[in-house]
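Taking it in order: structure first as structure tokens, then the write-up.
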Amino acid sequence: MRSLFIDCNDQLAPVWQKVVRGDDPPIDLNRTAFSRDELPRVVGPYEIVLDDHSYMPTDLVAQCKRLKHVVFLGTGATSYMNVDELKGLGVTVHTIKGYGDVAVAEHTIALMFAAARDVAGMDRDVRKGTWTPQEGMQLTGKTLGVIGLGGIGTEVARIGRGLGMRVVAYNRTSRQLPGVAMVDIDTLLAGSDIVSMNLVLNDATRGFLSKERIERMKPGAILVNTARGALVDEEAMIAALRKSHIRHAGLDVFDAEPLKADHPLAKLPNVTLTSHAAFRTLEASMTLLRRAIDIVKKITA
């Protein structure tokens with residue numbers, strides 16, 4: 001079975017060379033950018049595809065007659081393809097969990113600090129010659145609400161406690177974590193100074209932070225999302241930011257990526273934006289790519 005890494009970018013290519021081994025099955029690398037409509041041409045002769053973050057619409061995958069497996073580099077395949085529809089075409093989608101829990105949690109905390117102290121805003125001002133010190137929010141003693149206590153959420157809670165924060169959490173299934181108070185979602189939203197989204201995106205969680213739930217957030221709270229953009233009602237979030245009901249949002253993920261320069265979020269001063277990079281550390285990337293290769297190895301054994 002022929003395998004292709006369809007979107008091996010300049011950042012991942014040297015990492016790939018660090019983790020690939022002599023006894024691994026051959027995997028071709030595509031280093032050339034391609035448009036969405038070109039997917040059938042790129043994938044054409046391959047049965048297995050490794051996908052970093054390229055969209056794979058069902059109608060285009062249907063034209064890839066040889067394709068049998070997609071190894072998605074991460075957990076959020078549903079943001080880039082319809083897994084059930086691909087299964088109906090005979091294409092199995094493999095995801096990879098747990099490779100970057102610490103990396104994503106650290107980025108979550110970084111966005112939390114940046115939002116609390118308006119780091120990005122002051123950086124922009126200073127570069128323009130404007131010297132306007134901003135009053136920030138001190139985090140010690142504040143309440144951090146973690147929505148989703150999987151691997152990443154658990155790490156966010158651990159670091160938050162280490163910072164001297166009171167940590168409360170909501171999980172869709174029963175969980176217990178020492179030092180963390182488990183509460184219902186309304187209690188979390190009403191009482192948290194910072195809300196961290198750490199849910200997995202699926203049909204049950206899409207739009208989880210709805211307009212109604214955003215309205216229940218504590219006025220002046222900070223929202224951080226390093227999970228998936230579709231977990232949050234984007235229009236309602238923007239409205240809450242404009243009214244300062246949400247003091248500041250730190251966002252690494254969006255409904256449509258890459259975020260366009262004319263998007264309303266890019267024009268709001270009380271938003272700190274990063275480019276879906278929370279999991280991008282050398283350590284996490286090495287683990288991720290190695291696990292992807294091992295999946296291919298298992299498929300082709």
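Quick note: the coordinates plus some simple rules give every number you see, no bench work behind them. What you are looking at is a predicted structure, and each value in this text was computed from that prediction instead of being measured. Positions of Cβ are backbone-derived with ideal geometry, glycine not excepted, and every protein chain shown enters the neighbour counts.
The amide H of Val180, built 1.01 Å from its N in the peptide plane, has no neighbour under 5 Å, considering only residues 5 or more places off or on other chains. Gyration tensor over the Cα atoms of region 1-109: the corresponding equivalent ellipsoid has semi-axes (square roots of 5 times the eigenvalues, largest first) of 23, 18, 13 Å.
Here Ala256 and Asp84 are evaluated by their C-beta separation; at R0 = 22 Å the FRET efficiency comes out at 0.55.
Of the trypsin sites (Lys or Arg not before Pro) in region 208-270, the ones in a loop by DSSP (not H, G, I, E or B) with at most 12 other beta carbons within 10 Å are Lys243, Lys260. Taking 0.36 nm per residue of separation and subtracting the current Cα-Cα distance, fully stretching the chain between Gln17 and Thr92 would add 24.4 nm.
Entry note, region 145-301: relative contact order of 16 percent, from Cα contacts under 8 Å with a spacing of 6+ residues. Among the trypsin sites (Lys or Arg not before Pro) in region 1-63, those placed in a DSSP loop whose Cβ has at most 15 other Cβ atoms within 10 Å are Arg2, Arg21, Arg31. Compared with the direct C-alpha span, the chain from Arg242 to Asp184 gains 18.2 nm at full extension, assuming 0.36 nm per residue. For region 68-98, the set of trypsin sites (Lys or Arg not before Pro) satisfying both a DSSP loop assignment and a count of at most 16 other C-beta atoms within 10 Å is given as Lys68, Lys97. The base-10 log of I(q)/I(0) for the chain, evaluated at q = 0.08, 0.11, 0.14 Å⁻¹, reads -0.39, -0.72, -1.07 [Debye formula, identical scatterers on Cα atoms, solvent excluded]. Charges were assigned to the Cβ only: +1 to each Lys and Arg, -1 to each Asp and Glu. The resulting dipole of region 101-273 about its Cα centre is roughly 340 debye.
In order along region 6-16, the phi-based Karplus estimate (6.51 cos²θ - 1.76 cosθ + 1.60, θ = phi - 60°) of 3J(HN,Hα) comes to 6, 9, 7, 7, 5, 6, 7, 4, x, 5, 4 Hz; Gly and Pro are listed as x. Among Gly74, Gly44, Gly148, the residue with the largest mean-square fluctuation in a Gaussian network model of the chain, with springs joining Cα atoms closer than 10 Å, is Gly44.
Computed across region 101-273, the Kirkwood radius stands at 16.1 Å (inverse of mean 1/r, all Cα pairs).
Potential lengthening of the chain between Arg124 and Arg161 amounts to 10.2 nm, from the contour at 0.36 nm per residue minus the alpha-carbon distance.
Phi angles of region 144-154 translate, via the Karplus equation with coefficients 6.51, -1.76, 1.60 and θ = phi - 60°, into HN-Hα couplings of 9, x, 9, 9, x, 9, x, x, 6, x, 5 Hz per residue; Gly and Pro are given as x. The longest part of the chain holding none of the exposed loop chymotrypsin sites (Phe, Trp or Tyr not before Pro), meaning those outside H, G, I, E and B in DSSP with at most 14 other Cβ atoms within 10 Å, is 132-301.
Phi-derived couplings, Karplus 6.51 cos²θ - 1.76 cosθ + 1.60 at θ = phi - 60°, listed residue by residue for region 43-49: 7, x, x, 9, 8, 10, 10 Hz, with x used for Gly and Pro.
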